[in-house]
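The values are calculated or read from the model by the stated rules, or taken from the named source; none is laboratory data. Note that this is a predicted model, so its numbers are computed, not measured. Note: ideal-geometry Cβ built from the backbone for every residue, glycine included; neighbour counts use all protein chains shown. We work out accessible area using only protein heavy atoms, side chains counted, and drop any ligands, DNA or RNA first. Shrake-Rupley method; radii C 1.70, N 1.55, O 1.52, S 1.80 Å.
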Amino acid sequence: MTRVTLTVNGRVREIDVETSTLLVHAVRENLRLTGTHVGCLTGDCGACTVRVDGATVKSCSVLAVGAQGADLVTIEGLAGDDGLHPVQQAFWDEFGFQCGYCLPGMLLTACELLENDPDPDDAAIVEAVNGNLCRCTGYAAVVRSIRCAADRMRETP
Ligand code: FES
Ligand code: FES
């Protein structure tokens, strides 16, 4: 076992993992944060997306020991004390999800996009969520949701 110390949603946590443990399994099983989903385990679907030091990462594609000292944000860290993050609210208002399996990864990817590009066009939105597969909603609603979030966040920074 290897001890890994990292900051998780603003709180310092220590976990003991095998050197072969995937970050997604450490998040779900060691940290008990099950909002991060397991899909393909091959880096294709994006259901396991988290943010590591600000960058979206498919957590099935990296080892937990690689997150030593990192600042990790999972979907559980997105909403604030005053309620849903604007991206979450926009997906709710614009019917951007159905079953929600892809949603944590989709939301964290959308947040990264809007931090880097507050006014993305549809092509940029599509490009950003290219690695987040949704099996049931349809991407028109996803694009509409992210555009809605962008508009609101620019109006109320
Ligand atoms: Fe990680 Fe699909 S479970 S990309
Ligand atoms: Fe069901 Fe995207 S909302 S997979």
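Brief remarks on what is shown
Okay, residues lined up against (1) β-branched (Val, Ile, Thr); (2) closer than 20 Å to Thr34 by Cβ; (3) within 16 Å of ligand 1 (Cβ to nearest atom); (4) part of a helix (DSSP H, G or I):
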| residue | (1), (2), (3), (4) |
| --- | --- |
| Val50 | yes, yes, yes, no |
| Val65 | yes, no, no, yes |
| Gly69 | no, no, no, no |
| Gly96 | no, no, no, no |
| Gly105 | no, yes, yes, yes |
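- In the range 76-101, the residues that are touching a residue at least 60 places away in the same chain (Cβ under 8 Å) and either more than 15 Å from ligand 2 (Cβ to nearest atom) or open to solvent by less than 50 Å² (accessible area, probe 1.4 Å) (or both): Glu76, Gly77, Pro86, Val87, Gln89, Ala90
- Test: Ile125 is open to solvent by less than 70 Å² (accessible area, probe 1.4 Å) and either under 25 Å from Arg13 (Cβ atoms) or within 13 Å of the chain's Cα centre (by Cα) (or both): no
- Boolean, Met153 is surrounded by 23 or more Cβ atoms within 10 Å (Cβ to Cβ) and either part of a helix (DSSP H, G or I) or in contact with a strand residue (DSSP E or B) (Cβ under 6 Å, 6 or more places away or on another chain) (or both): no
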